[in-house]
């Protein structure tokens, strides 16, 4: 196994829903309400529709997501982790498949908005959505840093693929501890508190967990 330095990196990008927040999205219900095929990614399904059909459904999706954003709650350990990264002088950003407005609403509801500069939040309209690495590459360009200094943290395969595709290290957060996409991660943790402990202990990540 190859040891990968993660905790020494100083530019951290987070998925939002389900990573910094408690996961509440019922994607099957959202697909049903939007009359989209079951089991397929929502944004890609919308992109495949004729423009006149897609627009109304995108507006409805935005409304649904804004309602969810208003009730969002921070994941356990999120504020403490972001505090620790700030204490260490790291920069933080968000890469989300949500809209920018809804991302800001989510952060406000969670009490996490103060940690993130507006231009460090990359949404689905600013770049091709994850798993495309474009959003991660955009953040790296804005920060003017190489991928070797960056980490992508997420709870889903698309997050890990976007990070890997941009050349960054990847941290997989899975409270269940089953880590079905562990092959795409440099570090796998059950929660953000565990990740913070590694930061404070100066731990190293080992691929293949």
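Readers should treat all values here as calculations from the given coordinates under stated rules, not as data from a laboratory. Everything numeric in this text was worked out from a predicted model, so none of it was measured. Backbone-built Cβ (ideal geometry, glycine too); neighbour counts: all protein chains shown.
Observations on the structure shown:
- Shape index of segment 27-70: Rg/Rh, with Rg the Cα radius of gyration and Rh the Kirkwood radius from the inverse mean 1/r over Cα pairs, equals 0.95.
- Helical runs (DSSP H, four residues minimum) scored at -39500 (n - 2.57) apiece and divided by the length of the chain put the mean residue ellipticity at 222 nm at -12000 deg cm²/dmol.
- Listed residues 89, 167, 182, most fluctuating in the chain (Gaussian network, C-alpha, under 10 Å): 89
- Distance (nanometres) between label positions extended 7 Å along Cα→Cβ at residue 71 and residue 54: 3.0
- Each peptide in 33-42, 70-79, 93-102 was scored by the mean count of other Cβ atoms within 10 Å over its residues; highest first, the order is 93-102, 70-79, 33-42.
- For segment 23-67 versus segment 167-194, the gap between their alpha-carbon centres in whole angstrom: 27
- In this label model, residue 179 and residue 90 are separated by 1.8 nm, measuring between points 7 Å along each Cα→Cβ vector.
- Under the simplified labelling scheme, the residue 32-residue 46 pair shows an inter-label distance of 2.0 nm, with each label point 7 Å from Cα along Cα→Cβ.
- With only the Cα atoms considered, the chain has a convex hull volume of 111 Å³ per residue.
- 0 to 90° range, to nearest 10: angle between helix 134-143 axis and the chain longest Cα axis: 50
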